[in-house]
Amino acid sequence: MFKCDCCGLCCRHVDLNPMYVNFHSGDGVCMYLDQETNKCTIYAERPLLCNVDAVYDFLYSEKMSREEFYELNYAQCKKLKEGRFSPED
């Protein structure tokens with residue numbers, strides 16, 4: 001299982017990824033993020049794209065191993081935390 005530390009940065013920067021264009025209302029922050037707790041307000045019913053394990057099973061399982069997919073996700077998390085993520089990544 002993907003281990004998320006719930007920092008909320010991915011949900012605060014959904015504008016950096018065109019796949020999430022419908023998840024924010026112009027400010028880049030996911031409309032479902034509770035900004036005080038960094039928790040998703042629709043977590044149990046969140047979209048497939050917001051579930052790392054489910055999106056791996058559905059879209060990437062034939063392209064790479066789960067471990068490779070996790071490492072790619074952890075690398076993007078690290079870039080967000082370091083303030084060096086860009087839409088081209």
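The values are calculated or read from the model by the stated rules, or taken from the named source; none is laboratory data. Not measured: the values here are computed from a predicted model. In this analysis, Cβ positions are derived from the backbone assuming ideal geometry, glycine residues included, and neighbour counts consider all displayed protein chains. Calculation scope for accessible area: heavy atoms of the full protein, side chains included, ligands and nucleic acids excluded. Shrake-Rupley method; radii C 1.70, N 1.55, O 1.52, S 1.80 Å.
For the chain, the solvent-accessible area works out to 71 Å² per residue, with a probe of 1.4 Å and every protein chain left in place. Tell me, what % of the accessible area of the chain is carbon and sulfur with a 1.4 angstrom probe? Result for the chain: 55 percent of the exposed heavy-atom area is carbon or sulfur.
Ignoring everything except DSSP H segments at least 4 long, calculate the 222 nm mean residue ellipticity for the chain; use -39,500 (n - 2.57) per segment, divide by total residues, nearest 500.
Values: 3 runs with 25 residues, N = 89.
Helix contribution divided over all residues of the chain: -7500 deg cm²/dmol.
Remark on residue 2: its backbone amide H falls under 5 Å from those of 53, a criterion applied only to residues 5 or more positions apart or on other chains, H modelled at 1.01 Å from N.
Would you mind getting me the FRET efficiency between residue 43 and residue 84? Use the beta-carbon distance for r and R0 = 41 Å, nearest 0.05. Walk me through the numbers before you get to the answer.
Details: r = 28 Å, r/R0 = 0.67.
Efficiency computed from Cβ-Cβ geometry: 0.90.
Across the chain, C-alpha contacts under 8 Å between residues 6 or more apart give a mean separation that, scaled by the residue count, equals a relative contact order of 25 percent. Between amide H atoms placed 1.01 Å from N, distances below 5 Å from residue 39 occur with 34, all of them 5 or more places distant or on a separate chain.
Evaluated with a Cβ-only charge set (Lys, Arg +1; Asp, Glu -1), the chain carries a dipole of roughly 160 debye about its Cα centre, given to the nearest 20.
Extending 7 Å from the Cα toward the beta-carbon at both residue 19 and residue 68 defines two label points whose distance is 1.6 nm.
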